[in-house]
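K.L.:
Supplied in structure tokens, the structure appears directly below.
What follows draws every value from the coordinates through simple rules; no lab data is involved. Keep in mind it's a predicted model, so treat the numbers as computed, not measured. Heads up, the Cβs are rebuilt from the backbone with ideal geometry, glycines too, and the neighbour counts pull from every protein chain shown.
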Amino acid sequence: MKYIVYGENRVMTGDEIAGAVLAYAAALGQNGSTDIVDVPTADDAGFASTTEVLLGPASQIMVEDCPDDELEIEDEGLVAELQRRAAAVGGARFVDAASATSKQHLHDAPADTDTDDPGPSSGSH
Amino acid sequence: MPARVRIKAAGTELDAARLELAPLYEGTDWHADVTTGTFGFRYAAAGDTDMSLRTSTIHGRIEGDIPPGDEYVVQWITTGRAVVDVGRDEVQVESGSPQLFPADRPFRFAYEDYDQRIVHLSKSLVESVAAETGRLTSGGLRFDHTQPVTRQAALDFRDAVSKVSAAAGAGPTPPLLWAELKHSVAASFLRLYEPQNGTLPRELLLPGNAVLRDVVEYLHAHAHLPLTATDIAQRTNLSVRGTQLLFQRVLGCSPLTYLRRIRLQRTRDELLASDPDVTSVADVARAWGFAHVGRFAGTYADEFGEYPSATLHRAA
């Protein structure tokens, strides 16, 4: 699980969703446009809820680890849609970078920080 | 499948009435007597073990004891005199007014020169319908046979019953229609006699709160679905704000908070009823709209004083 840190607030969500939101935010930032995304999360009582997050060039967001829970918040449809939108504004490379990170985390691969692979299609900046 | 029920009995002898009718209620100490003119009885039942409609006519007098069984029995008379629960919480049955037999303890009855309509509903049918509308708690249902019934509820109940008679009179009833008719009679029974320990707040029983009661029953019946404040308001024909004020005034919380309480209670009911070998707390929590087991467990423990895993394993 991940927190999307937004200003002084944290939105807890699943790994895949957090990665897709971050990638989309990066794509929007590069592109100079803005969008609003409904991020599925859990409220303090544990009930499923959604938080609307404004993404754009001015939004500084960060994704950090959050202790895993038996229920991983997942929404394949949302992840696919965010990836599609990111690609549409020319940010496909961010999607690849973010999904590489989240996959590494999901498969619990030993993190080799010395030779951190920045991702197959990035680095052509 | 509930077994079919079909009974016909008739006669003119006192002993025959006693010997044929008492076993239908596992009755003891039954006596039949002559009043004026010739004694005669007629009894008929049709339906299944979930619900059967019966008629009973006796020219004469009959009294006896009936032990608690696995059915709720509601009856009304169209002519004659009848006393239910003789010697304890006696009720003089008024003509046309449905009266429940005490369901959880033995009682004595005394009837004279009467024409009677009787509805037998299995406790399991009534419980399943009660569960749908949030009236069933883990303690089961309890009814007070002395509770006065409202005129409207009595009319509704008799109306639901007469629909069954009409359908039965029109030939063999298709299974789906029969199931729907049973459901409708059980639901109107629950409006006739309010369970004593139901989970509906008592305030809702006040006549002025009918709109709120309707929407609260709707919430109980649809708690497993994603409902928004707008969905709930549509049910009341009020604005979202108006609905919130209504809930706040009577129940002291918002509609969505109330819905969450229902869901939390339903997770508990489901955990209690589940087998820990095949069910996990996470499955049950997810089914009732939770997205985080850790936080859910904290909320649950605050409400019920134990963790959900303890509840689940207690059920085993």
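K.L.:
Return the average number of partner chain Cβ atoms within 10 angstrom of each residue Cβ along peptide A:48-57. Let's see the in-between values first.
P.N.:
On the way: counts 8, 2, 0, 0, 0, 0, 0, 0, 0, 0.
That works out to 1 on average.
K.L.:
Beyond 14 Å, how much of the Cα-Cα pair distribution for segment B:126-192 remains, as a whole percent? Show your work: numbers first, answer last.
P.N.:
Values: 1395 of 2211 pairs.
That fraction is 63 percent.
K.L.:
Taking 37 °C and 0.692 mPa s as the conditions, I'd like the Stokes-Einstein D for segment B:80-134 in µm²/s, using the Kirkwood hydrodynamic radius from alpha carbon pairs.
P.N.:
Details: Rh = 13.0 Å.
The estimated diffusion coefficient comes to 253 µm²/s.
K.L.:
Take chain B, connect every pair of alpha-carbon atoms lying under 10 Å apart with a spring to form a Gaussian network, then pick out the residue of B:T173, B:T267, B:T36 with the largest mean-square fluctuation.
P.N.:
Of the options given, B:T36 has the highest mean-square fluctuation.
K.L.:
In addition: Once the principal axes of the Cα atoms of segment B:161-316 are found, what is the range along each, listed largest first in whole angstroms?
P.N.:
Over segment B:161-316, Cα extents along the principal axes are 56, 43, 28 Å.
K.L.:
Quick check: net charge around B:L212, other residues with Cβ under 12 Å of its Cβ, Lys/Arg +1 and Asp/Glu -1? Please report the intermediate quantities before stating the final value.
P.N.:
Values: positive: B:R213, B:R235, B:R249; negative: B:E203, B:D214, B:E217.
Summing Lys and Arg as +1 and Asp and Glu as -1 gives 0.
K.L.:
If you put +1 on each Lys and Arg Cβ and -1 on each Asp and Glu Cβ, how big is the dipole of chain B around its Cα centre, in Debye rounded to 20? Provide the component values of the computation, followed by the final result.
P.N.:
On the way: 33 positive and 39 negative charges, 220 e Å.
Dipole magnitude for chain B comes out near 1060 debye.
K.L.:
For chain B, I need the span (max minus min coordinate) of the C-alpha atoms along each principal axis, in Å, sorted largest to smallest.
P.N.:
Projected onto the principal axes, the Cα atoms of chain B cover 74, 46, 43 Å.
K.L.:
Here is a further query. Tell me what chain B gives for mean residue ellipticity at 222 nm when only DSSP H runs of n ≥ 4 count, each as -39,500 (n - 2.57), the sum divided by the residue total, rounded to 500 deg cm²/dmol.
P.N.:
Values: 11 runs with 132 residues, N = 316.
Rounded to the nearest 500, the figure is -13000 deg cm²/dmol.
K.L.:
Additional query: Using all C-alpha to C-alpha distances in the protein assembly as shown, build P(r) with 20 Å bins and read off the rounded percent in each one.
P.N.:
All Cα pairs considered, the percentages come to 20, 38, 25, 13, 4, 0.
K.L.:
Moving to a separate point now. Using square roots of five times the C-alpha gyration tensor eigenvalues, list the equivalent-ellipsoid semi-axes of segment B:1-118 in whole Å, biggest first.
P.N.:
Working through the eigenvalues yields semi-axes of 20, 18, 14 Å.
K.L.:
Still on this model: Give me the angle, in degrees from 0 to 90, between the Cα long axis of helix B:210-221 and the longest principal axis of the Cα atoms of chain B, rounded to the nearest 10.
P.N.:
Tilt of helix B:210-221: around 80 degrees.
K.L.:
Once you have a ≥ b ≥ c as the square roots of the Cα gyration tensor eigenvalues for segment B:64-187, tell me rounded if a/c is under 1.5, and otherwise prolate or oblate according to whether a/b is larger than b/c. Display every interim value, and only then the final one.
P.N.:
Working: a/c = 1.87, a/b = 1.22, b/c = 1.53.
In terms of gyration-tensor shape, oblate.
K.L.:
Here's something else I'd like to know. Provide, in order from the shortest bin, the percent of all Cα-Cα pairs of segment A:2-115 in each 10 Å bin, continuing until the bin that contains the maximum pair distance.
P.N.:
P(r) over segment A:2-115, rounded to whole percents: 14, 48, 31, 7, 0.
K.L.:
What is the projected area of the convex hull of the Cα atoms of segment B:228-267, averaged over all directions, in nm²? Show your work: numbers first, answer last.
P.N.:
Values: hull surface 10.7 nm².
One quarter of the hull surface, i.e. the mean projection, equals 2.7 nm².
K.L.:
While we're on this one: Order of A:84-93, B:211-220, A:14-23 by packing, highest average Cβ count within 10 Å first?
P.N.:
Details: A:84-93: 17.5, B:211-220: 20.2, A:14-23: 26.3.
With the highest mean Cβ count within 10 Å placed first, the list reads A:14-23, B:211-220, A:84-93.
K.L.:
On a 0 to 90° scale, report how tilted helix B:293-304 is relative to the longest principal axis of chain B, with both axes built from alpha carbons and the result rounded to the nearest 10.
P.N.:
Once rounded, the angle reads 50 degrees.
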